Amino acid sequence: MGHQYYKDDLRAKKSFGQHFLINNQVLQDILGVITIATDNIETTPILEVGPGKGALTNLLNEKFNTLIAVEADRDMVEYLVQKQILPQEKIIFQDILKLDFEDLFQGKPFWLVGNFPYNISSQIVFKIIENYEKVQGMVGMFQKEMAERICAPHGSKTYGIISVLTQSLYEVELNFHIGPQNFSPPPKVESSIITLKLKSDLNIDYPWDVLKKVVKISFGQRRKMLRNTLAGLIEQKEQLEDPIFNKRPEQLSVEDFITLVKKYFTNHS
């Protein structure tokens, strides 16, 4: 008896956080968002994360000339090849979190798209942030709550580390929500599509690692004023008289955090 992977009832696996999108209109809507975000340029290199049974892959293939998929489930890799959705050489059998972005597309910047496994979706965003010089943009599906957190404006309860760090580099947009009935099996949560697009005027004239550190420390105790949380990083205590230190982290916009770093923390690393 050979493997029975190729029948059409290949099931979603809980261990991989798989939920297959089965609504064609939603797939077309996602393709529409990707097409607009990438300025409809067919030569844009696309990395699809978690293609599963290839529903979105088929559409991407018709639209873009340069597509690579990364898939951690061997059964899905075999399915994609067997069904001739993608040839073996266009599929990387690996965990996205372990993938080296340097080696992709001959070093050209690319777009990352996909229906991300919800259990690692925030880690995928942090990986994008760490590789912003390579990742031109992203169109991804997230649990609605995570999508709203990434796109949250300052002052909102969901605004936090991932919001500030993502928005310091990318324009963010929450495109639309997707109900559980559009998936097999249906997830227990609502889903959302969001777009990140690298800022065209991005100018990192401050130590980015320091911004990361300041943001993480600030939101580590989000109810406290910055005067208390950041005091340990400030050498000249009179600087704490600046009214900005009387604020709590969610009261600072992304620009405020960048200004804070430029003004008081440029000597840190």
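The values are calculated or read from the model by the stated rules, or taken from the named source; none is laboratory data. This one's a predicted model, so the numbers in the text were calculated from it and none came from an experiment. Here Cβ is always computed from backbone atoms with ideal geometry, including for glycine, and neighbour counts include all displayed protein chains.
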Checked pairs for region 120-145, first closer than 19 Å to GLN94 by Cα and assigned by TED's automatic domain parsing to the domain that holds ILE68, second surrounded by fewer than 18 Cβ atoms within 10 Å (Cβ to Cβ) and aliphatic (A, V, I, L, M), C-beta under 7 Å and 6 or more apart or across chains, list as ILE120/LEU97; GLN123/LEU97; LYS127/LEU97
Got at least one residue in region 102-113 being on the phi < 0 side of the Ramachandran plot and without any contact (Cβ under 8 Å) to a residue 24 or more places away in the chain? yes
Can you report the number of residues in region 243-269 which are of a type in the set (S, T, N, Q), in a helix (DSSP H, G or I) and either assigned by TED's automatic domain parsing to the domain that holds GLN167 or surrounded by 14 or more Cβ atoms within 10 Å (Cβ to Cβ) (or both)? 2
Mind listing just one residue for me: the one in region 91-142 that is hydrophobic (A, V, I, L, M, F, W, C) and out of contact with any strand residue (DSSP E or B) (no Cβ under 9 Å at 6 or more places or on another chain) and, of those, nearest to ILE68 (Cα to Cα)? LEU97
Among the residues of region 202-213, which ones are of a type in the set (A, V, I, L, M, F, W, C) and either touching a Phe, Trp or Tyr at 6+ places or on another chain (Cβ under 6 Å) or in a loop (DSSP other than H, G, I, E, B) (or both)? LEU202, ILE204, VAL210
With the condition kept exactly as written, say whether any residue in region 214-222 is touching a residue at least 40 places away in the same chain (Cβ under 8 Å), farther than 24 Å from GLU102 by Cα and among the hydroxyl-bearing types (Ser, Thr, Tyr). no
Just give me the residues in region 54-65 being crowded, with 20+ Cβ neighbours inside 10 Å and either assigned to a helix (DSSP H, G or I) or on the phi < 0 side of the Ramachandran plot (or both), in sequence order. LEU56, THR57, LEU60, PHE64
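Got a sec? Which of ILE129, ILE68, ILE91, ILE120 is surrounded by 15 or more Cβ atoms within 10 Å (Cβ to Cβ), at pLDDT 95 or above, under 28 Å from ASP209 (Cβ atoms) and not aromatic (Phe, Trp, Tyr)?
Going through ILE129, ILE68, ILE91, ILE120 in turn, just one is surrounded by 15 or more Cβ atoms within 10 Å (Cβ to Cβ), at pLDDT 95 or above, under 28 Å from ASP209 (Cβ atoms) and not aromatic (Phe, Trp, Tyr): ILE129.
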Right, ILE85: in contact (Cβ under 8 Å) with a residue 40 or more places away in the chain and either buried (at least 20 other Cβ atoms within 10 Å of the Cβ) or touching a Ser or Thr at 6+ places or on another chain (Cβ under 9 Å) (or both) or not? no
